[in-house]
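What follows is a set of notes on a single structure, which appears directly below.
Please treat every number below as a calculation from the coordinates, not as lab data. Keep in mind that what you see is a predicted model, and the values were worked out from it rather than measured. Note that each Cβ is placed from the backbone with ideal geometry, even for glycine, and that neighbours are counted across all protein chains shown.
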């Protein structure tokens, strides 16, 4: 009985991994690439570049300098200092953005019920310059933009008629845990997001109504590191004000746009590697804290979805390595499964970037990632998640609510 069960398990894994590999190849072939956009003079609508920043002294100079150097004739840069306790504001002033010229804004106190980043982005969206712009570019303070990045973003949005264009930057990883875990982000993004489906719907707008709104919303996603909104579309979905308590606002905004595709809104995710880079975290502690904040909240009210996603990842991308150590490990089944997984990881790293260390040590990377997922569940169901010195008690309907409590990073990361 056991040999038959084991054989059936391997057959299931091979079929499932084969489907996953096919989906990966389709997505790699269809995801638009920012670096491949033909840069033309064309129209240059006004863009407000909006950067929320809280204790970003180590990143802000490189980010703002790269934004000010954009090869685009019609834009302005605005940084909101969200009550930083470091030199963030002064470093922005040193670059020429001040309170007097509207380039630097001091954030208002965080209201009850708001997540800090959402409140900061909302304030930036309410600036007079934002009201006069056709596009709003929200970008994180840890991003670095090549001079052609803004022009390429505007042009790809215009070419696709996108209401929201989200670019996925190349992830900079330095420390070992960064290399292992952060490198899983492009892999998950390219594998589980239905780029092929959205590409087809983009070419055939009349098909959009045939995909149920609930399904479209579930499949929608975006990367908050780079979000280029048409101002009218941002207002149409309610902006950050509509999701003030959501801990994963980028995913929520992508879902809001995807849900209204039948009304003419359009969501575009593109590969930003080559023109935009980002170093999300700089230590094992930051990796643990940052993903702990995001993982459970991304599933909003769906407890089943969270556990189903975790089990699928455990079974497909970790269990085959465990089976290598089990009975009949000399058979070709586990080796074939392992090779498919490593092929998928290698293709993602080759085309989208990431660390090869994460590919070589794939099982260790997934063990850490699944551990973060369990910790995210624990924190979300208990004391709340910690980010930027603020603790957020998780409201699973809205995926987050602000808490007035303050705790130190050292005492609450693990």
Per-residue Cβ neighbour rank within 10 angstrom, fewest leading, 321, 198: 321, 198
Compute the acute angle (0 to 90°) between the alpha-carbon long axis of helix 2-30 and the principal axis of greatest extent of the alpha-carbon atoms of the chain; round to the nearest 10°. 30
Pairing the Cα long axis of helix 362-381 with the longest principal axis of the chain, what angle in degrees results, from 0 to 90 and rounded to the nearest 10? 60
When a footprinting reagent is the concern and you count Cβ atoms within 10 Å, what order do 26, 63 take, fewest first? 26, 63
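Let a ≥ b ≥ c be the square roots of the eigenvalues of the Cα gyration tensor of the stretch 1-89; is it rounded (a/c under 1.5), or, if not, prolate (a/b larger than b/c) or oblate? Please report the intermediate quantities before stating the final value.
Working: a/c = 5.30, a/b = 1.96, b/c = 2.70.
Verdict is oblate for the stretch 1-89.
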Helix 116-125: inclination vs the chain longest Cα principal axis, degrees, rounded to 10, gives 50
Please give the calculated 222 nm ellipticity per residue for the chain, where each DSSP H segment of at least 4 residues contributes -39500 (n - 2.57) and the sum is spread over every residue; nearest 500 deg cm²/dmol? -14000 deg cm²/dmol
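Between residue 134 and residue 325, what is the FRET efficiency for a Förster distance of 56 Å, r being their Cβ-Cβ separation, to the nearest 0.05? The partial results should precede the final answer.
Values: r = 58 Å, r/R0 = 1.03.
FRET efficiency, residue 134 to residue 325: 0.45.
Calculate, for residue 12 and residue 284, the FRET efficiency according to 1/(1 + (r/R0)^6) with r their C-beta to C-beta distance and R0 25 Å; round to the nearest 0.05. Intermediate results must be reported in sequence, preceding the final value.
Values: r = 34 Å, r/R0 = 1.38.
With R0 = 25 Å, the Cβ-Cβ based efficiency is 0.15.
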When DSSP beta bridges are limited to those with both residues in the chain, what percentage is antiparallel, rounded to the nearest 5? 40
Any idea how far the Cα center of the stretch 148-216 sits from the one of the stretch 373-389, in Å? 27
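Contact order normalised by length for the chain, with contacts defined as Cα pairs under 8 Å and 6 or more residues apart; what percent is it? Please list the in-between numbers first.
Values: 734 pairs, mean separation 87.4, N = 414.
It comes to 21 percent, rounded to a whole number.
Rank the residues 350, 150 as a footprinting-exposure proxy: fewest other Cβ atoms within 10 Å of their Cβ go first. Mind showing how you got there, number by number?
Details: 350 12, 150 27.
Sorted ascending by nearby Cβ count, the order is 350, 150.
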The stretch 278-307 and the stretch 104-142: distance between their alpha carbon centers, rounded to Å: 22
Measure off 7 Å from each Cα along the Cα-to-Cβ vector at residue 210 and residue 263, then give the distance between these two points in nanometres to one decimal. 2.4
